[in-house]
Amino acid sequence: MEALLSFSGIVGATCCVGMYAAVSLGKISAERPVFFSVNAVGAALVLLGASHRFDWGDTGTVGQELTWAIISVIGAIRAWMQGRGAARIAAWKRRASRSLTMRRFMRVSKHRCRREAKN
């Protein structure tokens, strides 16, 4: 188990450094959600690796990786919203609104039919 936790820290560091290298070499854009997502996963893996045998010397690592993860999640959401994310949310809201409107219409129609049947 200890080897697996240590390995997760190595994989996490590789994710973070790999994304930084990919952006620096122009392989991917720093505006894409994948950049931030892989960084967040990498930070989480480094935290997992640092979690076993924690001592006060690891406090800096934990603080740095928590900050890195939070910034990465915020950046991923921002990049997703600037891309197609905002359009997807708007489409979802339109569908939900139409669905609610249709349910209200059906409810009103059902009540009208009952009233007309009684008369």
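Bear in mind that the values in this text are calculations on the coordinates, not laboratory data. Bear in mind that the values here come from a model prediction, so they are computed numbers and not experimental data. Reconstructed Cβ throughout: ideal geometry from the backbone, glycine too, with neighbour counts over all protein chains shown.
Note down the nm distance, to one decimal, between modelled labels 7 Å out along Cα→Cβ at residue 17 and at residue 91.
4.0
Mind checking the full-extension length gain between residue 67 and residue 81? Use 0.36 nm per residue of separation minus the Cα-Cα distance, one decimal, nm. Don't jump to the answer; show the numbers that get you there.
Numbers: separation 14, 0.36 × 14 = 5.04 nm, distance 2.12 nm.
Taking residue 67 through residue 81 to full extension adds about 2.9 nm, to one decimal.
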